[in-house]
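The values are calculated or read from the model by the stated rules, or taken from the named source; none is laboratory data. In this text the structure is predicted, and so the values were computed from the model without any measurement. In this analysis, Cβ positions are derived from the backbone assuming ideal geometry, glycine residues included, and neighbour counts consider all displayed protein chains. Keep in mind that these areas ignore ligands, DNA and RNA; they rest on the heavy atoms of the full protein, side chains included. Shrake-Rupley method; radii C 1.70, N 1.55, O 1.52, S 1.80 Å.
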Amino acid sequence: MSEAYNPKTIEKKWQDIWAEEKAFSAPNDYTRPKFYALVEFPYPSGQGLHVGHPRPYTALDIVSRKRRMQGYNVLFPMGWDAFGLPTENYAIKNKIHPRIVTENNVHRFKTQLQSLGYSFDWDREVNTTDPGYYKWTQWIFLKLFKAGLAYKSEMPINWCTSCKVGLANEEVVNGVCERCGSPVVRRVKSQWMLKITAYADKLIDDLDTVDYITPVKVSQKNWIGRSYGAEVDFQLAGTEDKLTVFTTRPDTLFGATYMVVSPEHPYIDKYKDSINNYEEVLAYRDAAARKSDFERTELAKDKTGVEIKGLKAINPVNGNEIPIWVSDYVLMSYGTGAIMAVPAHDERDWEFAKKFGLPIVEVVAGGNVDEAAFTDVATGKLVNSGFLNGLDVADAKKAITEWLAEKGLGHSKKNFKLRDWVFSRQRYWGEPIPIIKCPKCGFVPVPEEELPLMLPEVENYMPTDNGESPLAHMRDWVETTCPCCGSKAERETDTMPQWAGSSWYFLRYLDPHNNDALASKEALNYWMPVDWYNGGMEHTTLHLLYSRFWHKFLYDQGVVPCPEPYQKRTSHGMILGENGEKMSKSRGNVINPDDIVSEFGADTLRTYEMFIGAFNLAASWSQDGVKGCRRFLDRVWGLSSMLVNGDAYTADMETKMHQTIKKVSSDFESMKYNTAIAALMSLLNDFYKKGSINKAEFKTFLTLLNPVAPHITEELWQEAGFEGRLYQATWPEYDEAKTIEKTVEVAVQVNGKIRGYIQIAPDADKDTAIAAGKEAVKDRLTGTIVKEVYVPGRLVNIVQK
RNA sequence: GCGGGUGUGGCGGAAUGGCAGACGCAUCAGACUCAAAAUCUGACGGGGGUGACUUCGUGAGGGUUCGAGUCCCUCCACCCGCACCA
């Protein structure tokens, strides 16, 4: 073969052949060992594919191709997470229906992904905007509703004062609207909520049963934020009411010298007649409400507050009457919205007490509470605390909690930072929430047999002036009758957030055309759980947590066979621009994958993105690096002109062949793609040095490289006249014994410094090695030998005085 | 402030506690060429030496060890999250 390597023709050729032969379809052959590899399906944006997409996709494509050659039935699917705001905004701006925008974008993305030669099973493609798909998204919502896990609640939302529309958090940048730059304020609206907090404990505890990379587990745990403590009741002096607080330090109760309530605490209104400075308190509350998130962050270090005069609380443990303050450092959304302040042992309380001259009483000895709050729970001993004196913190916690329970003044309690999931969007391009609002029956689910509740075709999908969903315009869609009592009723006009469709998509791949269930029992039992899921760290506390929640719910409902959806979760680093900054249009450092494919070929792009650096770390793009990978493939192409006969590895190559098979096999599994490719480059260099490669060696080399560069290897396989298709070949085996060199160079050190080398068998015994080593450095052995170290195959170290 | 991550040649990066810098890029030299490109071959951390060699060197400083990029302690810088969660 004398023609030069031309990826343009061979890549198209093999993509067509693979499609025609259905090379990568995952048959429902439930007798074979299965492997379910999953990558996050993309949001088909108008920008087209980003060079960031191929990094994770190629990585799991490599693993999938390898596993197929190892005999697994591999499911590696792809689909489209196509509902969402950018499409809707683009549609509004350009006056094109979002459905059309989505179709166009999906077409472009699919063409781009296909040009990269991924071994996706395209027969299982899913699209979240397809009614046949969102039928089941709505079905799951109804299950949640019927189980009491979907409810409506007044929630503050982000409201753009200029666009007059509710915004997602992601659309608010530094307190202003991302699109128009106008200030964003909080506005209370009735929203659908999902009770993810009901699964808070399971979402933490079951992390022990899955194989996720540590940063993901840590982030999820911190995000859920479970903490153990106690709720304690403080009597409001002169009333029948109690002010309840949550604390993780009930042991410090004797040191509680005042209390603080959040500005939104209901007692401010309830006791306004008893509050002497109500006007002042109200002014503080209004000021706090006006603060934007940005200001709250900025002012976090400087505590503000107002004493509520006329109300006092009684410390239950010593009967002291203590003042109550209001301050925005106490959040209504966590615990009870009120705290007991122990300035001696809490930094925030200490700061507040110092500023307002409140008493600081030390109850845990070990620090200097005049200087700083003492928060060390490991070493302190209780003082000034009556019956707790002398105990350490852990014992004191236990003792006081028991005491509180006995007296009916409190009880142990655990709390979470996790909040319920705001599930409503006042937008058009999302799944309609299948609920009917009946004046008599309340919220009534749309009957299951009426699903999917189709998103109506509308002329005008612009947001309304009053913040209602555009669907509210559609009176003939909105007005309906109650399925329960038959009276006039209205449909819910909110739609679901983008996270809905992506919370269960991995289930639909199993059986994407099933109209009777989200997937058949057989398919679920065979394929679940996902064996390996790779995705971005940015989804750790949103998509990944949401989908685990839905899956756990579906498990409790008997819909899915396993409590966790993903057995293993890994994550890739970002690809940055050549200047080391995040790629963006404004920075002018965006690389378009299409350009790389047309100039260098898909195999080069795949190889480069895998060679760029450690998979889990961010990496900067380098056009020279791309060229280097193309040069590597050119040299691979050149191997065919060195091809000689031979059905077994030649003697001088045998060790290296077995070593490379071993290294590439394990590196692919541990995501060390860069070193796997380096090993293949090194092997290639050896063939060049030698000037020949035999057929056995060529077969192995092509097979090892195939997962990374599938087109060129398949072409060379065919050109060399090897049997069948390379994608159907068997992954090569290595013989551990044959990975070991006959002799190796072993460094000889004297007192830890290298002074010579010996050639010796790697498994030589210690006496032989030490003797040879001493001989090699005999001129330097002038002192008394105190130690002789021998690491087979590595080094000899003679330690002398 | 808290949590997670990262610091190694000119650059991207390799190194189960055991020869630091594999592999690639850039650069330089040689071969080929009228020439250039491409390709092939070789050199390529700093200092010293004609040289075989020698010495220093993995963000900084300590420590453990025969031996530390790797383990421990104290710091520093940068990146990414979270942000008063009682």
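At-a-glance table
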quantity: Calculated P(r) of chain A - Cα pairs past 47 Å, %; calculated: 41 percent
quantity: Principal axis box of the stretch A:557-696, alpha-carbon based, largest edge first, Å; calculated: 56, 49, 22
quantity: Summed side-chain charge close to A:Ala37 - residues other than A:Ala37 whose Cβ falls under 9 Å, Lys, Arg +1, Asp, Glu -1; calculated: -1
quantity: Sequence of A:Ile308, A:Ile591 when ordered by accessible area, the most exposed leading, probe 1.4 angstrom; calculated: A:Ile591, A:Ile308
quantity: With DNA, RNA and ligands ignored, accessible area of A:His572 (1.4 Å probe; Å², nearest 10); calculated: 40 Å²
quantity: Members of A:Lys34/A:Lys552; A:Lys242/A:Lys413; A:Lys272/A:Lys355; A:Lys303/A:Lys381 lying beyond 19 Å, as alpha-carbon distances in this model show; calculated: A:Lys34/A:Lys552; A:Lys272/A:Lys355; A:Lys303/A:Lys381
quantity: Net charge over other residues, Cβ less than 11 angstrom from the Cβ of A:His551 (K, R count +1; D, E count -1); calculated: 0
quantity: A:Ala761 long-range amide H proximity, modeled H, under 5 Å; calculated: A:Val744
quantity: A:Lys787 accessible area, assembled protein chains, probe 1.4 Å, Å²; calculated: 120 Å²
quantity: Subset of A:Lys195/A:Lys437; A:Lys270/A:Lys398; A:Lys689/A:Lys774; A:Lys437/A:Lys521 violating a 29 Å alpha-carbon distance limit; calculated: A:Lys270/A:Lys398; A:Lys689/A:Lys774; A:Lys437/A:Lys521
quantity: DSSP bridge orientation in chain A - percent antiparallel, rounded to nearest 5; calculated: 75 percent
quantity: Percent of Cα-Cα distances greater than 22 Å, calculated over the stretch A:449-587; calculated: 60 percent
quantity: ³J(HN,Hα) computed for each position of the stretch A:215-231 - Karplus, 6.51 cos²θ - 1.76 cosθ + 1.60, integer Hz, glycine/proline x; calculated: x, 5, 4, 4, 4, 5, 4, 5, 5, 5, x, 7, 9, 9, x, 8, 9
quantity: Computed [θ] at 222 nm, deg cm²/dmol, chain A (DSSP H ≥ 4; -39,500 (n - 2.57); rounded to nearest 500); calculated: -10500 deg cm²/dmol
quantity: Pair A:Arg725, A:Asp201: separation of 7 Å Cα→Cβ label points (nm); calculated: 5.1 nm
quantity: Cα shape, the stretch A:565-619, gyration tensor, a/c 1.5 rule; calculated: oblate
quantity: By accessible area with a 1.4 Å probe, ligands and nucleic acids excluded, highest first: order of A:Glu362, A:Glu578, A:Glu723; calculated: A:Glu723, A:Glu578, A:Glu362
quantity: Cα gyration tensor shape of the stretch A:447-523, rounded if a/c is under 1.5, else prolate or oblate by comparing a/b with b/c; calculated: oblate
quantity: Under the Karplus curve 6.51 cos²θ - 1.76 cosθ + 1.60, θ = phi - 60°, whole-Hz ³J(HN,Hα) for the stretch A:755-769, x wherever Gly or Pro sits; calculated: 10, x, 9, 10, 9, 7, 5, x, 9, 4, 7, 4, 4, 4, 5
quantity: Gained length - A:Ile213 relative to A:Arg780, 0.36 nm times residue gap less alpha-carbon distance; calculated: 199.2 nm
quantity: Hz values of 3J(HN,Hα) by residue in the stretch A:182-193 - Karplus curve (6.51, -1.76, 1.60), Gly and Pro given as x; calculated: 7, x, 10, 10, 8, 9, 7, 9, 7, 10, 6, 10
